[in-house]
Amino acid sequence: MKYAILTHGGAASPHAHSDGCVKAAESARSVLERGGDALEAALAATVILEDDPRFNAGTGSNLRFDGRTIEMDASVMTSDARFGAVSCIQRVKNPILVAAKVMETPHLLLVGDGATQFARAHRFPDYDPLTEKAQGKHARAMAELRGQGDGDYAADAAPWLTIDWKSLWNFGEAPFQDTVGAVVRDSQGRFAATASTGGTVYMLKGRVGDSPLMGCGVYAGPAGAVAATGVGEEIVRRFLSKTVYDWLEEGIPAARAAQRGIAKFPEIVDVGLLVASRDGQAIASNRNMASALLVG
Ligand code: ASP
């Protein structure tokens, strides 16, 4: 069987950043070439993407409303039904590697302080994923809420402008002030899918999107693997990754399943998919999306 490696830098990430996705895919390929399996390869690719500060995952993750807090989500799933995830984890360099550690426990998902302490217990050192770019993005997003934005975040801001969002503040005393993923099929027909994110533009503390939820941000089984990116709440509502996976299981080709998945969303909602089946693979998105595909 041919292997396939698919990587993305998040729905709406610029095509110009696809070199980062290519580098990630190449690192997955070297893992496969030295006998590693789909899981090891997908993790290797995701670490490269998390370490690339241009992407909203790991280093470069989005700030939450308070402009100080970064909480990250990540998950990994394999075709033999192993799954591990972390949500709202803070101050680690590679959330995906912590998610992989959760996969070795009887649990599926650890959140918040529990996830961060679990990481420390496994010797993941304290790390600040904040970048200047994330600070600039936060400042522009907050300007949008004050009616002084440049319009780039108008669609994301719209639901927050209809409510008294300051009354929802859950950051204690603090003053106001693009996701990545990989899908791998190895030459023995094993699959793995990952998702890792700093979340969306506007987030309260504790907000959880699709990325750490099985069947939403990722799904894998004997028929293939799927990773999603985009507006998490909308992806969860459509149980997107499992829905697309079920189509693969019914024999629908990867490219058609991916397009059908994207078609479930209105144009205003950003969404992207990586899909690999036993005999095909596809990348689809309704926005620009940095991505890479290697088949061999
Ligand atoms: N799906 C992620 C979330 O909602 C964001 C993204 O994919 O860009 O947390």
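General observations
- Single match in Arg260, Arg256, Arg287 (criterion: farther than 21 Å from Phe83 by Cα, outside any strand (DSSP E or B), within 12 Å of the ligand (Cβ to nearest atom) and not β-branched (Val, Ile, Thr)): Arg287
- Search result, residues across the range 256-288 that are more than 18 Å from Val184 (Cβ to Cβ) and of a type outside the set (D, E, K, R): Gln259, Gly261, Ile262, Ala263, Phe265, Pro266, Ile268, Val269, Val271, Ser285, Asn286, Asn288
- All of (1) within 16 Å of the ligand (Cβ to nearest atom); (2) within 19 Å of Gln281 (Cα to Cα); (3) at pLDDT below 95 hold for Gly9 with one exception: (3).
- Residue check, Ala16 crowded, with 22+ Cβ neighbours inside 10 Å, in a helix (DSSP H, G or I) and more than 16 Å from the ligand (Cβ to nearest atom): no
- Checking each residue in the range 167-216 for being within 13 Å of the ligand (Cβ to nearest atom) and among the aliphatic types (A, V, I, L, M) picks out Val180, Ala195, Val201, Met203, Leu204, Val208, Leu213.
- Any chance Gly251 is modelled with pLDDT of 95 or more and either within 15 Å of the chain's Cα centre (by Cα) or within 16 Å of the ligand (Cβ to nearest atom) (or both): no
- Test: residue in the range 44-62 that is acidic (Asp, Glu) and in a loop (DSSP other than H, G, I, E, B): yes
- Filtered by the rule that a residue be more than 8 Å from the ligand (Cβ to nearest atom) and buried (at least 24 other Cβ atoms within 10 Å of the Cβ), the range 217-240 gives Val218, Tyr219, Ala220, Gly224, Ala225, Val226, Ala227, Leu240.
- Single residue of the range 63-90 satisfying the filter (within 16 Å of the chain's Cα centre (by Cα) and assigned to a loop (DSSP other than H, G, I, E, B)) that is surrounded by the most Cβ atoms within 10 Å (Cβ to Cβ): Glu71
- Ala134, sole failed condition from (1) more than 22 Å from Val231 (Cβ to Cβ); (2) within 19 Å of the chain's Cα centre (by Cα): (1)
- Checking each residue in the range 102-151 for being acidic (Asp, Glu) and not in a helix (DSSP H, G or I) picks out Glu104, Asp126, Asp128, Asp150.
The values are calculated or read from the model by the stated rules, or taken from the named source; none is laboratory data. Everything quoted here is computed from the prediction, not taken from an experiment. Methodologically, a virtual Cβ is constructed for each residue, glycine included, from the backbone with ideal geometry; neighbour enumeration extends over all protein chains shown.
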